[in-house]
Each structure stands twice: as C-alpha cells, then as structure tokens.
4 protein chains.
Amino acid sequence: MVNVLSSGNSILNQYISELRDAEIQKDSLRFRYNLERLGGIFAYEISRVLAYETREVVTPLGIANVPVLIEYPVLATILRAGLPFHQGFLNFYDKSENAFISAFRRHHKDGTFSINIEYASVTEIENKVVILCDTMLASGSSMVLAYKELVSHGKPKHTHIVAAVANVEGVEYVKKHISKNDITIWLGAVDDEMTAQSYIVPGLGDAGDLAYGKKH
Amino acid sequence: MVNVLSSGNSILNQYISELRDAEIQKDSLRFRYNLERLGGIFAYEISRVLAYETREVVTPLGIANVPVLIEYPVLATILRAGLPFHQGFLNFYDKSENAFISAFRRHHKDGTFSINIEYASVTEIENKVVILCDTMLASGSSMVLAYKELVSHGKPKHTHIVAAVANVEGVEYVKKHISKNDITIWLGAVDDEMTAQSYIVPGLGDAGDLAYGKKH
Amino acid sequence: MVNVLSSGNSILNQYISELRDAEIQKDSLRFRYNLERLGGIFAYEISRVLAYETREVVTPLGIANVPVLIEYPVLATILRAGLPFHQGFLNFYDKSENAFISAFRRHHKDGTFSINIEYASVTEIENKVVILCDTMLASGSSMVLAYKELVSHGKPKHTHIVAAVANVEGVEYVKKHISKNDITIWLGAVDDEMTAQSYIVPGLGDAGDLAYGKKH
Amino acid sequence: MVNVLSSGNSILNQYISELRDAEIQKDSLRFRYNLERLGGIFAYEISRVLAYETREVVTPLGIANVPVLIEYPVLATILRAGLPFHQGFLNFYDKSENAFISAFRRHHKDGTFSINIEYASVTEIENKVVILCDTMLASGSSMVLAYKELVSHGKPKHTHIVAAVANVEGVEYVKKHISKNDITIWLGAVDDEMTAQSYIVPGLGDAGDLAYGKKH
C-alpha cells in the first residue's frame, strides 16, 4: 500500500515547496527544519495505524481512561541525508529505539555508481513495528539495501517505508523487491523523472549536501 | 462544527495521557513539550482546510509545480497557559502573525471568580483566518471573552477555536455565544465534569501552573 | 554591575548582527531563533554566578560527586517581545518557575507615549534569584516598571536584568531607579542613540513586530 | 591545551549530573536534550576563540558596525553516540558544514575489542577550523581514529576536540597521538577510572544505548 500525503491539501506541501526551492535551500537551517517538520507529519500520520490500549491515568483531579501506545516503533534511517527527517520522527516518538544505516553511493569513473552498506547500528527489531525513513527515494536501491540490512537483524512485525520526495521508478523498485505484506509505503511528493546519476527530477537536488554541506 | 481529534487513534492520545498523569506532570519540560507537540498536530489538521495555490518552483534540477499556502493564519492565544500550545502552532506556521490575550481569572473571597481581559496584543485580523488556541476549555468564558476581544480588532474570515482538553459545558458555552458560521472548534479530549472552581474533571489540573509554576 | 557580553568575541555577536539586519529580519523564524539562542547564552553566563552544591549521583557504573544547582532562578519576562528571548532561558533552566508581565506602550496623539503594567502573572519570588529579561532596553521605563511590579510580589534575593540590545540612556535609567545592590545588569549590544519614540538607534527596529507581526 | 568546563560553576554541571544519573537517564528525551544543551555550551565557549570581522549592517533605523564570524567551523562527530551532542553544536553554528564518522567497537569473544572506521562522510576541511565532538572520550582510540580519518581528507587549520565526559587515560592517549599544535581539547567532566571494556567509571554508561536504544 502506498500513501502519498501530498495528494491532499496540507502544510506538508508548503514544506516540500520550500525544500525544492533553489533559493530557499540556501538557508540550511530552514532546509533541515522543513525536513524535521515533515518527519513530524509522517510520524503523526503513521501513528494512526499503530496499536493502542486504554490505561487508567491519575490526574490531579480524578481518574481518566486514556488510550496510549502499546509499543513505540523502532525508527530507522539512512545516513546522512535521513538524519533531519529522522529527527522529526524522534521528536514525536521520543521513547523509540533507533537504527542508523549508511548506504554509500560510490561513483565510478565511468559515470555509474554502486550502493553499499557500510555501517549499521541496529537495535532489537524482532516482531516490532519499524519506520524506515529516508529523505529521498530515487532509484530505490539504498532503501531496499537498508531494508535488507535491517531484516538481517530480526523480522519486524511490519515496516513503514517513508520518503519525503520519491520517484515513480524508485517506488516500483521497492515494491518489486520487498513483499507488499511486509511494508506500507508513505511518500511526500512523487516525481516522474530521474537523471542518469539517479537524482530525482525536478526533485530538490542532493538532500545530504543541502543539509550538511558538500562531500569532499 | 466540532472536531474531536482524540476520537480516532493517534499519538495525540499518548501526549494527552502524559499531560494528565500527575506523576509525569512533575517534569515541566515534558509537560510543555507535550503541549507543543499537540499544537503541531492541531496545526497540521487545520492546515488541511486552508487555501492553497499552485506555484512554479525552480529546483536545482528542474521546475516543479507545487501547492503553497495562499496566506498564513493569524495565531492567537490566551496567556499564560496557552503559550506552549501556541508555540506548537508557530513551529508549523512559522510565517504567521500572532495575537496574545490575557484573560485573568480573579478569585473572589466568596469562592466565585470572574474573568477579565487585561492585555491584548493583536495583529491585523480583518478578513484573515485566525486560529485561537488555549490549552484548556473549561467554562468557556475565557475563550469567548478572548474571541470577542479579537473580533473587536477586525472581522476574521473564519476562526478555528482549539483546546487540548475541554469540558462539554465549555463547548456548549462557546457554541451558544459565537455564531456557528464564524468558527470551527477543534478539541483534543472532551471531559464530562467540572469543579465549582471551573477546573475540568478529570482534566489535568492547572495547565498554567504546571507549565510555568504556581502563581503568587 | 553591568556585563556587556558583546565586548568580547563570541557567536553572540553573529546573532545580534542577524537580528539587526533589515534583510535577515524578514525571516521571522530566524529572528525568533536568534533571540532564543541569545537567551541560552545569557542563561549560561548567568549560571556561572548561581549557587551549587555537590550531590552524590548513582551512575550505571559507580557513584559520582557532581555539582548541581541549589535552586533554579525564576524567569520573568515582558510581553510580547520578550517571549522568544525568555524561551532561550527556559530551554536552559527547564525546572524554573516563570513570571510574565505586560508593559504596554500607549501612544498618544501628541506623539508621546506612556507605559503601563496591564498584566502580571507572577510566581512566588520571595528570597529567590530572579532573571528579568526583555529583548530591548530602550528608555528603561518598561524594565523599571516590570521590576517594580515584580518586587510588589515579594523581595527577591537578587535580580539579573537582561537585554539583548540596550541604549546607554536606558541603562542609566535602570541604574538610577533600582538600587545597585539588588541587581546585576547583563547586556548584548549597547547603542548610543534613541529616537523621540524611544526606539534604539541603530538598534533593530520593533522586536515585537519582527517576532510576532505588526500590532493592529 | 585542555579546557575542562566543569572546573568552574555553571549549569553545564547540572546537565552532566542528569546525564550520569541512572534514574534520570531512563527518560531518553531528556538524555538527548541534555547532550544537545551541552553541545550548545561548548559551541559557545569555542566561539570565543574563533575569528571575527566587523561588518556594516543596515538596520531599520540606521547602520551598525557589528562583528560577525569570518567562517563557520566544520562540525564533525562520531556515530551514533555523538549525534545529539553534535545537534547542539549545529543549533549554534547553523551555517556550518558537517562530517559524520562511524567508529565501530567490535567486541571479540575473548572480551577485548577493536575499533574500526566504517563510514565517513566528510565535507571539505582543508585549512578550515574543525570541531570534532563525541559524547564520551574513554580509551581515546575512537577519537584518534576519527581524527586520522578526518585529516586524510585535508589539513584543517585547527581542530577542537570535544567530549562531554572523558577519562584521564583517554585524554593522555589523544595528547600522545595528535600533535598539541594541531588541536585544542575541550571537556565536560573528567573521570579517573575505566573498566576493562573501556567504559568510563563512574561515567554514565553507554551513551549510544541511552540515547538511541540498545544495539542488537
């Protein structure tokens, strides 16, 4: 199942427009903050499908029966571009455990590139709900690699795969390589094109560079 | 129209449960942060009914047609308990103009109290969408007074009245004193009872004291 | 005693330069954030002169003897311009109690204005350390009025009076009207001139308007 | 040169005491927030020794000559425990470029462990001021490895090495392996002991686990 949040009206579209805007991007504080706010919105939307139980809470004036989360999802992200987006999820799910995975894009001299997992710091995920977020879903290979790395540490109950800006091809790639029963896909905007170097068009450029500076 | 966000499952209920909990309340940092997160959720939900227009945005790699907010709502709140809740709205609507109103509860020796407007710092609201938020909607008289004060500065296009925790009587009071065509009401939890001093039961106690310390 | 933080080199000067800059001011998110960061810096500097005691803390691996604050200062501010500045103090002193005071500048038809206290929500301050902060210290009359209002609720042990941008005349006014034994003054920049309407020159304009929108 | 910030009184000691406290640590939101606040304090202290130039700034009411940072330092950190600490630096140096390095502690069956660099995303650092921060400085080998990785990408003008909690042995290790002309060391607390597994005693436990959950 694929949920595209930009299909309805909301302030999410404002943030995506600012993320895309080559002028506004120059303010990296705002760029990161927009990703953080988007992460919060996705966190909230996904929270609607999580499991709750009613608990009795003692207030200063009485007793209330209120629904609380049964368990917090594990929050996984892909370095480095996913970090500000992940922060938005962590703001909303402050008790969550986390996983960080690096999927490095190695550019070859012939113009092609390959993606490798270099680093994975993964908490216990067996039978847990996992949210795997990355800012961009371009070719889809980083996301699929990160997912495979994740599930090598345990079998999640379910995984929510989230990207702020995605490409149709990347979405197809994910759907092709991961069983649809295991995941739900959540996207901000979905763009149609991609460059030969797997940058989304019109997209927003290189999210990692914009958030943290050009790589050496 | 009244929207009660706690009627569906979401992390909003988790935050409300923490706000209510007499033990968790002792951490005023978390108390304020929960109100801020709630403000963000309401800001997002209300953003679905605001007006957008499509604008052409130049990205580093192309041109995107993206919906953006036509105008930011004015964010009004009631002092002091509304401040952390208002901050959550301002986080989401960073370009908004703001209004601050104080509605002071004066306790009389006979145990009754009256509510007066003492301070109002109001930006231009004529023909604008306004969000008027307060943490609690108990008797409803502060909210109605603040609304009357607001509209004495101009006639808003529409006003969204928001409270994290409300009482059924207070909601009825607002509906009785403000034309239903002028407002939409958004609530977190709605409780049934109220003390003689107009504290919501089970509620969460005095939101201002919990966020900022007991008044002298 | 007057401490002027901008007299030494630090990132504080960068924030003050951004606050002053008529172009950068247009981003009210950054304007408020710069005030918040300044508040944090002042909070830290003032924390050096507060009282600490050594407490034994049990870590997961042993016992540490560490200094902790004996008591948190009360954080008072003046509405509405002081709010983002105050937030910076509250970020650092999360357990503090707070006071909010409104000192309204009433402009008369003849071009003069008077300042009145309209609203004061003050926590217990008797024998406590108080930090009274406002973004601007122009003529000094708001600050002195707010201080008088504060001490009408109790006698603080000591009060730290803080302004991000001040005027020499305003500083003299404060020193003239409050006993030097009762207060310590902490300033960011200190400017030499003031308009007839008591705006600091070069200053930064109207801090309240820049943070929250022009008043009606 | 080694600067130990906890040697003087300040709110920094309060945060370190909360980070150490096995009870308070259970709130991972507060744990991360304390690291973020510490990062802000170190960012500010280090900003005193950076280079500034005076620039003319046009305010709404005049012209001000104000000192601004000539260049922002590059902010480098070690994954994953350094992330919340790094966030505090980024809050203060919002225009900085960043570097992320993972130094993985591989535990061997015989109880020993080795540290390897797995991932390095490094921005241009040639002739720049670099701040390399990690939450803990235990044996010192992660910090030295990360530094060596960094300088393999270029020669910084100067590097500030920062740790919230350090061990005397680790500090000696850093001083032994990096030329004292190239670095300045900034520390929160400095503890005397270390376990065979290189955990600082009394320390605070495993900072990565406390911030982000136990590794699988």
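The values are calculated or read from the model by the stated rules, or taken from the named source; none is laboratory data. Just so you know, these numbers come straight off a predicted model, no measurement behind them. Backbone-built Cβ (ideal geometry, glycine too); neighbour counts: all protein chains shown.
So here's what we get for this one:
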item: Candidate set: the stretch D:42-51, residues that are surrounded by 19 or more Cβ atoms within 10 Å (Cβ to Cβ) and free of Cβ contacts under 8 Å to residues at least 60 places away in the same chain; chosen: the one farthest from D:Lys214 (Cα to Cα); result: D:Ser47
item: Selection from the stretch C:15-28 of residues that are farther than 22 Å from D:Thr54 by Cβ and either within 14 Å of the chain's Cα centre (by Cα) or in a helix (DSSP H, G or I) (or both); result: C:Lys26, C:Ser28
item: Test set (1) within 25 Å of D:Gln25 (Cβ to Cβ); (2) touching a strand residue (DSSP E or B) at 6+ places or on another chain (Cβ under 9 Å) - D:Asp182 fails condition number; result: (1)
item: C:Pro73 being touching a residue at least 24 places away in the same chain (Cβ under 8 Å), closer than 16 Å to D:Gln14 by Cα and surrounded by 24 or more Cβ atoms within 10 Å (Cβ to Cβ); result: yes
item: Residue within the stretch D:84-104 that is in contact (Cβ under 8 Å) with a residue 12 or more places away in the chain, of a type in the set (S, T, N, Q) and away from chain A (no Cβ under 12 Å) present; result: no
item: Single condition A:Val130 does not satisfy, out of (1) outside any loop (DSSP other than H, G, I, E, B); (2) within 11 Å of another protein chain (Cβ to nearest Cβ); (3) among the β-branched types (Val, Ile, Thr); (4) touching a Pro at 6+ places or on another chain (Cβ under 8 Å); result: (2)
item: Answer from A:Asn9, A:Asn3, A:Asn13 - the residue that is polar (S, T, N, Q), on the phi < 0 side of the Ramachandran plot and out of contact with any Pro (no Cβ under 8 Å at 6 or more places or on another chain); result: A:Asn3
item: Extreme residue, modelled with the highest pLDDT, among residues of the stretch B:1-46 that are small (Gly, Ala, Ser) and touching a Leu at 6+ places or on another chain (Cβ under 7 Å); result: B:Ser28
item: Residue in the stretch C:133-144 that is in a helix (DSSP H, G or I) and farther than 30 Å from B:Phe104 by Cα present; result: no
item: Single match in C:Lys155, C:Lys180, C:Lys176 (criterion: surrounded by fewer than 19 Cβ atoms within 10 Å (Cβ to Cβ) and part of a helix (DSSP H, G or I)); result: C:Lys176
item: Residue, farthest from the other protein chains (Cβ to nearest Cβ), within the stretch B:1-14, restricted to residues that are surrounded by 19 or more Cβ atoms within 10 Å (Cβ to Cβ) and touching a Ser or Thr at 6+ places or on another chain (Cβ under 9 Å); result: B:Leu12
item: Which numbered condition B:Val74 fails, given (1) under 26 Å from A:Tyr93 (Cβ atoms); (2) away from chain A (no Cβ under 11 Å); result: (1)
item: Considering residues of the stretch C:76-88 that are among the aliphatic types (A, V, I, L, M) and part of a strand (DSSP E or B) only, the residue surrounded by the fewest Cβ atoms within 10 Å (Cβ to Cβ); result: C:Leu79
item: Cross-chain or 6+ apart pairs with Cβ under 8 Å, the stretch B:196-216 first and away from chain C (no Cβ under 12 Å) and within 17 Å of B:Ala103 (Cα to Cα), then assigned to a strand (DSSP E or B) and among the hydroxyl-bearing types (Ser, Thr, Tyr); result: B:Ala207/B:Thr135
item: Members of the stretch B:15-28 found to be within 14 Å of chain C (Cβ to nearest Cβ), surrounded by fewer than 21 Cβ atoms within 10 Å (Cβ to Cβ) and not charged (D, E, K, R), listed by number; result: B:Ser28
item: Pick from the stretch D:29-63, criterion polar (S, T, N, Q) and in a helix (DSSP H, G or I), ranking: nearest to the other protein chains (Cβ to nearest Cβ); result: D:Ser47
item: Any hit, the stretch A:118-125, residues being at pLDDT below 95, within 12 Å of chain D (Cβ to nearest Cβ) and part of a loop (DSSP other than H, G, I, E, B); result: yes
